[in-house]
Amino acid sequence: MYPDFYHLLKDLFGIDLPFLSLLKSFGFLVAIGFFAGGYLIYAELKGKEEDGIVGYTIDEVTTGKPASIQEYIVAGLVGFLVGFKLFGMFLNWKVASPDPLSFVFSKEGSLLPGILISLAAIGLKFYENKKETAKGIVTKKVKTWPHIRVGDICVIAAVGGFAGAKIFNALETWDSFVQDPLGSLLSSSGLTFYGGLIVATFALWYYSRKIKLDFRHLCDAAAPALILAYGIGRLGCQISGDGDWGIYNSAYITDSVGKVAVAPTRNFADNIAPYQDYFKQHNKEEIDHKYFKGPSSLPIWLFAYNYPQNVNNVGVELPGCNDPADYCSVLPQPVFPTPVYEFVMSLVIFLFLWSIRKKMKIPLGIFSIYLILNGIERFLIEQIRVNYKYDWGFLQPTQAEILAVAISLCGVLLFLFRKKIDELSKPVPIENQDI
């Protein structure tokens, strides 16, 4: 596992820079996913503009006005926070590296860099405003195309997605959430994708109305981007070992040196006997597992992986690892590496959506197919994932299974009624309107 850039560079290239432990591999790949998704949305919106599918808005822009006191205060506060937190993290990297996000929301930081960067930000604001005011006050009307707003779209999606992912994760893990609500919400781990998707969708629907962009076209432009970003995020889960793995694969064991090996027997209880203390400590009386032995021609890690040095330090002590900063944990029993499967499935869905996007002429066609395939993918993977199950008597679904079915059904309905929705969305000719 490579929980952060320090371990990645040290293991692959022998570069020993401990402060790089601040840069978490999961967060980096999530950022890559957002950038990739943002670029695809940008390209798709621009293509729709060139085809005349979406248009621009006329905005009135005034330049040359003196900056207000509030603008200087905002510039100073932003500069202070950047200096206080960013430099504080690097100057106190040993404290911040285990959980950088918690450090960001704490009172810790570096005061002097915060003050200096705050003053620099105010000075830069004054200098730029002085150049603008020298040209005089000018008001003009400009065309604003949707692709120019992709930055705003990504920020809204990121904020809404993170908030939704945290809220739905709290509902999914309610018992642990109530024990430490604030710590759970501010932690960098514990994110539920569907919660993020739902909240971000509502936030973007509101924003699209505000900028007079047909939300259906934004959905279609975002569909391939969403599944690709999701797949890249799952790759981050795999590389960092953030806990988003499957149930135990009882065809394999974690041996005495922390490696994955073929189980000597099909008796699961005998195979996990060396780690009984761990399972008792974590109240795991009923342990979900499936027996599946992969073909010998393929690497074992495709079917069973024990996530040594995982970023959440989940498991038992890893033999030969003595420094806590090295994330000295390994799972006592190998699990199905579901993030790998989700990355592959997401990539396949992305390529399919990308190949048919030009053929779907009616709005919401691509987005509805995305919802159907995304729901199917998630429902299938839930069969071998670790998640809380609701007890409905004859059914014990997980939250993700419920949402996956609901989202797939929504996709089917959208696909079936997309023509009707398109007809209703078209303006009624004046001569046909009631007077």
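Please indicate, with yes or no, whether at least one residue in region 293-304 is outside any helix (DSSP H, G or I), on the phi > 0 side of the Ramachandran plot and out of contact with any His (no Cβ under 6 Å at 6 or more places or on another chain).
To start, the set of residues in region 293-304 that are outside any helix (DSSP H, G or I) comprises 293-299, 303-304.
Going one step further and asking which of them are on the phi > 0 side of the Ramachandran plot, we end up with none.
The answer is no; no qualifying residue exists.
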Original post:
What is the residue count in region 331-357 for residues that are farther than 25 Å from residue 258 by Cα, among the polar types (S, T, N, Q) and touching a helix residue (DSSP H, G or I) at 6+ places or on another chain (Cβ under 6 Å)?
Top reply: 1
Original post:
Quick one: which of 166, 130 is at pLDDT below 90 and either more than 31 Å from the chain's Cα centre (by Cα) or among the basic types (Lys, Arg) (or both)?
Top reply: 166
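Mind listing whichever residues of region 257-275 are among the polar types (S, T, N, Q) and not in a loop (DSSP other than H, G, I, E, B)? Can you show your working first?
Residues of region 257-275 that are among the polar types (S, T, N, Q), as a first pass: 265, 267, 271.
Once the filter is applied, which keeps residues that are among the polar types (S, T, N, Q) and not in a loop (DSSP other than H, G, I, E, B), region 257-275 yields only 271.
If a residue must be surrounded by fewer than 17 Cβ atoms within 10 Å (Cβ to Cβ) and either among the hydrophobic types (A, V, I, L, M, F, W, C) or over 16 Å from residue 128 (Cβ atoms) (or both), how many such residues does region 71-80 contain?
Of region 71-80, the ones surrounded by fewer than 17 Cβ atoms within 10 Å (Cβ to Cβ) are 71-74, 77-78.
Next, only the ones that are either among the hydrophobic types (A, V, I, L, M, F, W, C) or over 16 Å from residue 128 (Cβ atoms) (or both) stay: 73-74, 77-78.
Residues flagged as surrounded by fewer than 17 Cβ atoms within 10 Å (Cβ to Cβ) and either among the hydrophobic types (A, V, I, L, M, F, W, C) or over 16 Å from residue 128 (Cβ atoms) (or both) within region 71-80 amount to 4.
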Original post:
What are the residue pairs meeting all of these: first residue in region 128-152, first residue farther than 20 Å from residue 35 by Cβ, second residue surrounded by 14 or more Cβ atoms within 10 Å (Cβ to Cβ) and small (Gly, Ala, Ser), Cβ atoms under 8 Å, and 6 or more apart or on different chains?
Top reply: 129/67; 132/64; 133/64; 135/64; 136/64; 137/64; 138/64
Original post:
Does any residue of region 236-256 turn out to be among the β-branched types (Val, Ile, Thr), under 25 Å from the mean Cα position of the chain (by Cα), surrounded by fewer than 24 Cβ atoms within 10 Å (Cβ to Cβ) and not in a helix (DSSP H, G or I)?
Top reply: yes
Original post:
From the list 349, 402, 376, which residue is part of a helix (DSSP H, G or I), surrounded by 22 or more Cβ atoms within 10 Å (Cβ to Cβ) and either aliphatic (A, V, I, L, M) or not assigned by TED's automatic domain parsing to the domain that holds residue 95 (or both)?
Top reply: 349
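The values are calculated or read from the model by the stated rules, or taken from the named source; none is laboratory data. All of these numbers come straight from a predicted model, not from anything done at the bench. Because the Cβ atoms are built from the backbone with ideal geometry, glycine has one as well, and the counts that use them run over all protein chains shown.
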